[in-house]
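The structure appears right after this line, and notes come after that.
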Amino acid sequence: MSDSENSGPGTPAPRSGAAVPWRELALAWRDAGLLVVFATVSALAFNGLRPNGLPLLRYAPFDLLGPCPEILNDVPRITADKLKPGDPNVVIVDVRLAWDFLAGHIPGAWFLPLYETAPPDEAVVQRLRALKPGTWIVLVGAAGTVTAERALTALSVQGLRGLFVLEGGLGAWEGHHGPLAAVQVPAVADPQDPEGALWIDARDEESFAAGHREGAINLPFDDLLPPDPEVLLRIRAAKADRIYVYPVDPASGADRAVSGATPQPAFGVACELVARGFRGVMVWNAPYPGSTGPDVRGSTPP
Amino acid sequence: MNSHARPSSSGPAAWMARAWNHPAHDVLAVPIRWVVGVTFLIAAWPKLVAPEDFAWSIAMYQMISPRYVHLLAIILPVVELVAAIAFLAGFRVRGAAVVMCGMLVMFIMALSWAFIHEIEMTSCGCFSPAGAKALSEHRDTVGTSLLWRDVAMLIGCGYVWLFDTGRWGLDGILRRRKRRKSGHG
């Protein structure tokens, strides 16, 4: 019996005198097909058995930067007149950034900001996933619905169902159901008991490394990315009843704690913390390190 | 042990036969298989753990219809895993090499697509499936080095397909056992 007769699937023939083993090279394609079929069947079975398996086909598009125009009509929309304030079967999710959320939001709305370059907050997604089946999740953005549509596609990627975009955004709700809730972040010029409070430095990492208030935690302001979850955990673990965020440049709108435009870093970070449920958050309405003294690591500004 | 046939005739055909069938190819193919196999194994694992993140990575390329992104995110990591295990074990190495070549051609096309269309992305999603998350965590820009890495692996897999008989692996063991049973051992 020759070598080639001995060889079967998975047992390629040993080297022969033939210049090119055409038969073995061709058999490789059959083996490749078998491997792919085996892998595909295994993958589908594995996905079907795992608790967080994905649906095989998506009904809504993936989208990071904007909705695809060809599927815009597929985005489920709901008008404000079909919603009742306080409906237990409806969860309103506000997808705007923190300072816009605090400036005015639907009472009881969940805060789930959708940043340009990051997927939705996993903790909030888990809470949404835990809702009883059949709950409507209504996503609210500003007057336009682009951000809400992005949020819808991002959440549907996570396997959530019952998602809607509020037609007309926040303005439509206000028109039907009355005033919005607003939260003002207090700004103080003279912090009480500064040693017993938690201090948050909203400047960038380099500035923080160059000098910061002793014991301060660095949470750099960023309107493109969410705050570092580990830093948020540290702040939460501190269990401080007063949190002061600094610094503020009094020359550029320091008296406005919440603004429709991108705020100053300290106000931006303070808004993030308040919107995420931190209590006792205040802005220390003063520059750093102050009008006197050099910027020294660990020094206490006046 | 495999016989190394020596064609009696001389000339270019005989020289080519000797070169093609030289036993050194089997030895050279082993490290290639291991490097590529381990690379694919490392690449497959996080995608298997978090297919939804990998789906985001695939979606970032904007190459296929969003409707089928999940399907690819479910199947591709397992194909990577199976091919990698086959490569490492030396089981149906030529078939696995064809699968690897196919995937690498697909990856090269995807990266080239991203370059040509200037798609804004800072992670290829090759090893970290969290495409969008990687924007903030890694900031490893999609550079041509990734393309060259895939091309190098493609050449390696092509070599395995053409020259590796699987002697140093499960294929060789099965073949030797079969030969012994049939009285040729």
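For the pair residue A:234 and residue B:182, a Förster radius of 56 Å applied to the C-beta separation gives a FRET efficiency near 0.20, rounded to the nearest 0.05. Computed over the alpha-carbon pairs of the stretch A:104-179, the distance histogram in 10 Å steps reads 19, 53, 27, 1 percent, short to long.
Here the stretch A:187-284 is treated as an ellipsoid with the same Cα gyration tensor; its semi-axes, largest first and in whole Å, are 18, 16, 14. Put in order of Cβ neighbour count within 10 Å, fewest first, the listed residues B:70, B:117, B:25 become B:117, B:25, B:70. Ordering A:288, A:115 by the number of other Cβ atoms within 10 Å of each residue's own Cβ, fewest first, gives A:115, A:288.
Readers should treat all values here as calculations from the given coordinates under stated rules, not as data from a laboratory. Here the structure is a predicted model, which means the values were calculated and not measured. Using ideal geometry, Cβ is built from the backbone for each residue, glycine included, and neighbour counts are taken over all protein chains shown.
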